[in-house]
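**Student:** I'd like to ask some things about the structure below.
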Ligand code: UTP
């Protein structure tokens, strides 16, 4: 059977006949491109993902318990010095690498272009999010006399623009030999009938498959092999949009080494029981981040003997792994979560529709779902005012306005400390 007929049969089998109407109207070149894309898609998986959107996730309260942590501000001098020394030695000996996840769509912020190219209005002149991250890494390099290899994950959608932007800005002074850009995987978008959305380019619309895709993308892109060749032992993975993210915290690293764990994370205290952040806990004896939407209110409000929230350590995308942990996770499948989002598409007549309300399912795996593959995680509690200033929404909480304030306050404090 020829590829064209095979593709038509596939579309019929998987209930995607709406694409056929458009298909017939395309010229041969466009048809071939579409055939190629359809042949590449895993339509069984996509059908399963759609069917899963109809199921409710079971959540058994009884299997959850709080997770222990160390508070950075309360470490003894001896503990802190031991951790810092271990961490410093590892970074100084070139065994540390950093990964930035920059493949998100940033829909809530509404900035046109990759999120890292957003300019935060700080200190008059403003700074791009990528610039802020670079400054943090350059500071560490100066302190420890190394250049930390930096891996930046993009999506197929924003890769070209990201590369162009970083080149144009000369990587904000980072040695380009130490910067590797790799691209993450994608999954198609579905409407509420489970039909594939078509884009203006007459291709099926796909979007990045969530930050949980980082692990397998590191392997598939060859970055993991490259890290191993360089003798990397510890890998930090963080987001692109927290302007107070510390990517080379020697206390966190040293604590992980000294506790002999494979994964570690920095947390901050949840502002109140209702703050919309995921918190650390143990489920069935394994570390887990419990999303705010999953945590029953009763548990969200529970306090310990010191009056602190039992489930109060918020996950802030500040995670550390041994290279073996990355390798292990990269070979496993993470579950997909579903988000209902606004996405434009073209209808059967080829006319573009820009929806005003969410109209489509996007499937994403989450970076923290990998924690379940381990028995233990070391958690270091940081400070909100030192470690967390996210740029998520265009206004209100976690917006450029709040991030600017937190960023400027933090740097003013540093300046006054060093005076
Ligand atoms: P968010 O979950 O906040 O998503 O990403 P987002 O795409 O930036 O924003 P919204 O939800 O569309 O408004 C947290 C981090 O994970 C990265 C983001 O770039 C950010 O650093 N991410 C997210 C990826 O790298 N890939 C993805 O597929 C999703």
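The values are calculated or read from the model by the stated rules, or taken from the named source; none is laboratory data. These numbers were taken from a predicted model, which means no experiment stands behind them. When we count neighbours, we look across all protein chains shown, and the Cβ atoms used for this are built from the backbone with ideal geometry, even at glycine.
**Student:** Can you go through 70, 49, 41, 75 and tell me which one is under 25 Å from the mean Cα position of the chain (by Cα), in contact (Cβ under 8 Å) with a residue 12 or more places away in the chain and more than 29 Å from residue 182 (Cβ to Cβ)?
**Tutor:** Numbers: 49 fails: more than 29 Å from residue 182 (Cβ to Cβ); 41 fails: more than 29 Å from residue 182 (Cβ to Cβ); 75 fails: under 25 Å from the mean Cα position of the chain (by Cα).
Among 70, 49, 41, 75, only 70 is under 25 Å from the mean Cα position of the chain (by Cα), in contact (Cβ under 8 Å) with a residue 12 or more places away in the chain and more than 29 Å from residue 182 (Cβ to Cβ).
**Student:** Name the single residue, out of those in segment 112-122 being in contact with a helix residue (DSSP H, G or I) (Cβ under 7 Å, 6 or more places away or on another chain) and surrounded by fewer than 17 Cβ atoms within 10 Å (Cβ to Cβ), that is farthest from residue 160 (Cα to Cα).
**Tutor:** Of all residues in segment 112-122, those in contact with a helix residue (DSSP H, G or I) (Cβ under 7 Å, 6 or more places away or on another chain) come to 113-118, 120-122.
Still in the list and also surrounded by fewer than 17 Cβ atoms within 10 Å (Cβ to Cβ): 113, 121.
Details: 113: 10, 121: 25 Å.
It comes out as 121.
**Student:** I'd like to know if segment 319-340 contains one or more residues that are assigned to a helix (DSSP H, G or I), within 16 Å of the ligand (Cβ to nearest atom) and in contact with a strand residue (DSSP E or B) (Cβ under 9 Å, 6 or more places away or on another chain). Give the steps one after another, and end with the answer.
**Tutor:** Initial filter on segment 319-340 (assigned to a helix (DSSP H, G or I)): 323-330.
Adding the requirement that they be within 16 Å of the ligand (Cβ to nearest atom) leaves 326, 329-330.
Checking the rest, the ones that are also in contact with a strand residue (DSSP E or B) (Cβ under 9 Å, 6 or more places away or on another chain) come to 326, 329.
For segment 319-340, residues assigned to a helix (DSSP H, G or I), within 16 Å of the ligand (Cβ to nearest atom) and in contact with a strand residue (DSSP E or B) (Cβ under 9 Å, 6 or more places away or on another chain): present.
**Student:** Then there is this: State whether the residues of segment 372-382 include one that is within 16 Å of the ligand (Cβ to nearest atom) and either in a loop (DSSP other than H, G, I, E, B) or modelled with pLDDT of 95 or more (or both). Step through it out loud before you land on a result.
**Tutor:** Our first condition is that a residue be within 16 Å of the ligand (Cβ to nearest atom); within segment 372-382, this holds for none.
No, that holds for no residue.
**Student:** Within segment 97-111, work out how many residues are part of a loop (DSSP other than H, G, I, E, B), surrounded by 23 or more Cβ atoms within 10 Å (Cβ to Cβ) and either modelled with pLDDT of 95 or more or more than 6 Å from the ligand (Cβ to nearest atom) (or both).
**Tutor:** Of the residues in that region, 2 qualify.
**Student:** Starting from segment 92-106, take each residue that is under 14 Å from residue 233 (Cβ atoms) and list its partners that are away from the ligand (no atom under 16 Å from the Cβ) and assigned to a strand (DSSP E or B), counting only C-beta distances under 7 angstrom and pairs at least six apart or across chains.
**Tutor:** 95/234; 96/234
**Student:** Please tell me if residue 390 is more than 20 Å from the chain's Cα centre (by Cα) and within 13 Å of the ligand (Cβ to nearest atom). First the steps, then the outcome.
**Tutor:** Working: more than 20 Å from the chain's Cα centre (by Cα): no; within 13 Å of the ligand (Cβ to nearest atom): yes.
Here the answer is no, as residue 390 does not meet what is asked.
**Student:** Follow-up. If a residue must be within 16 Å of the ligand (Cβ to nearest atom) and not in a helix (DSSP H, G or I), how many such residues does segment 216-231 contain?
**Tutor:** Looking only at that region, the number is 1.
**Student:** Among the listed residues 238, 213, which satisfies the condition of being buried (at least 21 other Cβ atoms within 10 Å of the Cβ), within 14 Å of the ligand (Cβ to nearest atom) and under 30 Å from residue 82 (Cβ atoms)? Step through it out loud before you land on a result.
**Tutor:** Numbers: 213 fails: under 30 Å from residue 82 (Cβ atoms).
Result: 238 is the single residue among 238, 213 that is buried (at least 21 other Cβ atoms within 10 Å of the Cβ), within 14 Å of the ligand (Cβ to nearest atom) and under 30 Å from residue 82 (Cβ atoms).
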